[in-house]
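Data block below; observations after.
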Amino acid sequence: MRKVKKPVFFIVLLCIIAFGYLTYAGIHTQYGDIKTSYIKGVEDIRWGIDIQGGVNATFEPADNYDATKEEMDAAKAVIEQRLVSLNITDSEVYVDYKKNKVMVSFPWQANEESFDPEAAVSELGETAKLVFRKGKEEKGEQVLTGNDVKKAEVRQTQDETTGNIKYVVSLTLNNSGKKAFADATTELAGKGSISIWMDDKCISAPSVNSAITDGECVIEGNFTYDSAKALSDKINAGSIPFDLKTTSTNIISPTLGEGAKNAMVLAGLIAFIVIAAYIIVIYKLPGFVASIALIGQVVGSIACITGFFGNIDSFTLTIPGIAGIILSIGMGVDANVITAERIKEELNNGKTLNGAIELGYKRAWSAVFDGNITVVFVAIILMGAFGPTDSVFGTLLSPVFSVFGASTAGTIYSLGYTLLVGILLNFVFGIFCSRLMLSSLSKFKCFKKRKLYGGAEINE
């Protein structure tokens, strides 16, 4: 490792303090009723059902439609995908096949003042049937359906008339859709239009100027980013094979409540202070540096939960998720204790202070890495087993988990996520940052005494 200068400790410390302040307070602007978040703070944490409470809704087929088991499963899968697109991981979706009911529960959003549960329930239950038709009438010949769309995404374009930026939904068609759309646009080029319908409502009816054969098309309208994103999410999630109606909507009271959450936070804070005091007393300067690194690790975990940046969705934090943070702190303490012991051993073996710090971190690395990497594997398995089926880990591990059937335990997914994030941050703060800070402090004359690192003084 390159020689570390004295100011490095203060630079790292100031970065952790600044990061901590931004993670706690965030950066927001308020214009009338519109609040814009540039950096998210702790108030933007999305709490799970077990802490914050949420919404419970029941859907059933409209018009007494007798849905098959396969259709009910398809409806469940679409609703789950819509919840994932809204970044709601602590949700539960169940199907009662005997009564043809789909029951959904999901937590409140972080900014519950603007959260409309009825609108959220309505959005989840929409059929989202996408149809392209020749002409502008609902009875026009059908050209495409949502099944012909491979992918939908939001794009920015410039309005040719006003020059303003506008949002559109760009569609990539599959092979069957590409051919059908090419045939229709070739027929209608220069003399007709194609209307786009979502749940029997026309959302766009552009004129066809020329044949479109590349399998790409655009839905234009008076979209904001949010409305364009909502439409693209519906298209990507697919349509429900039958119309749903909402039979009941209930507010779920939190099972643990705000008081229990505050008690857990207070208990965690007290435990952190006790642990910090203990490692400082036992390991002295390395313990002090370890305490700062642990603060950075906790701050980083919170930032990964809030999303930190305003355009990144918040993660749902549940009670098991809080447990994951606490477990990762324990792993962080363990890593720093192992390192401090190795430094102490090197000093007692007669090494110089700089040599003891260098060798101490090198000798501790393999033990810390082995311990942390096994927990990383456990966290990945938890996220794959209990998370969204189309997530990276869920897809990779699907051959294994398909044997056990589907799971909707989003609370356990939260545990895996916070545990994984905490362990990865432990590598950053517990190994890299603590090494920089300790090496920097050792350059100061007042911190060159071996006993500050747990070693015995050498009598000359």
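Dipole of the chain (Lys/Arg Cβ +1, Asp/Glu Cβ -1, origin at the Cα centre): which of ILE51, ALA364, THR374 lies farthest to the positive side? The residue sitting most towards the positive pole is ALA364. As a calculated quantity, the FRET efficiency between LYS449 and ASP214 at R0 = 60 Å, using C-beta atoms, amounts to about 0.25.
List the DSSP H helices in the chain whose Cα atoms stretch 15 Å or more along the helix axis and whose mean Kyte-Doolittle hydropathy is at least 0.5.
On the way: long enough: 8-25 (25 Å, 2.45); 69-85 (24 Å, -0.39); 175-188 (20 Å, -0.64); 225-237 (18 Å, -0.58); 257-283 (38 Å, 1.78); 285-306 (32 Å, 1.83); 319-348 (44 Å, 0.69); 353-386 (47 Å, 1.11); 410-425 (22 Å, 1.64).
Within the chain the helices that satisfy the rule are 8-25, 257-283, 285-306, 319-348, 353-386, 410-425.
Between LYS5 and ILE27, the C-beta separation translates, for a Förster distance of 25 Å, into a calculated FRET efficiency of about 0.20. Centroid-to-centroid, using Cα positions, the stretch 154-231 and the stretch 11-45 are 38 Å apart.
This ranking places TRP365, TRP197 by how few other beta-carbon atoms lie within 10 Å of each, fewest first, which gives TRP365, TRP197. Where [x] 21.2; [y] 28.3; [z] 48.2 are the candidate values, the label of the one calculated here for mean projected area of the Cα convex hull in nm² is [y]. Counting only DSSP H runs of at least 4 residues, each contributing -39500 (n - 2.57), and dividing by the residue count of the chain, the helix-based mean residue ellipticity at 222 nm comes to -16000 deg cm²/dmol.
If you take the beta carbon distance between ASP159 and GLU118 as r and set R0 to 35 Å, what does 1/(1 + (r/R0)^6) give as a FRET efficiency, to the nearest 0.05? Efficiency, rounded to the nearest 0.05: 0.55. Full extension of the chain segment joining ALA18 with ASP199 gains 60.3 nm, where the gain is 0.36 nm per residue of separation less the Cα-Cα distance. This model, with +1 at the C-beta of Lys and Arg and -1 at the C-beta of Asp and Glu, gives the chain a dipole about its Cα centre of some 2820 debye.
Neighbour counting of Cβ atoms within 10 Å sorts the residues LEU171, LEU22, LEU269, fewest neighbours leading, into LEU269, LEU22, LEU171. The residue among SER227, HIS28, ILE282 whose Cα reaches farthest toward the positive pole of the charge dipole of the chain, with charges on the beta-carbon of Lys, Arg, Asp and Glu, is ILE282. Pairs of Lys residues in the stretch 128-239, spaced 8 or more positions apart or belonging to different chains, with C-alpha separations under 14 angstrom: 13 in total. Using 0.36 nm per residue and subtracting the Cα-Cα separation, the extra length available between ASN349 and SER248 on full extension is 29.2 nm.
Of all aspartates and glutamates in the structure, the ones whose alpha carbon falls short of 13 Å from that of LYS3, not counting any fewer than 8 places away in one chain, are GLU358.
Taking other Cβ atoms within 10 Å as a rough exposure proxy, ASP200, ASP313, ASP233 sort from fewest to most as ASP200, ASP313, ASP233.
Considering only beta bridges that DSSP places wholly inside the chain, some 95 percent are antiparallel. Here the gap between ILE280 and ASP334, fully extended at 0.36 nm per residue and compared with their Cα-Cα distance, gives a gain of 18.1 nm.
Bear in mind these aren't lab numbers, they're just calculated from the coordinates by the rules spelled out. These numbers come from a predicted model, not from an experiment. Cβ coordinates were reconstructed from backbone atoms using ideal geometry, including for glycine residues, and neighbour counts include every protein chain displayed.
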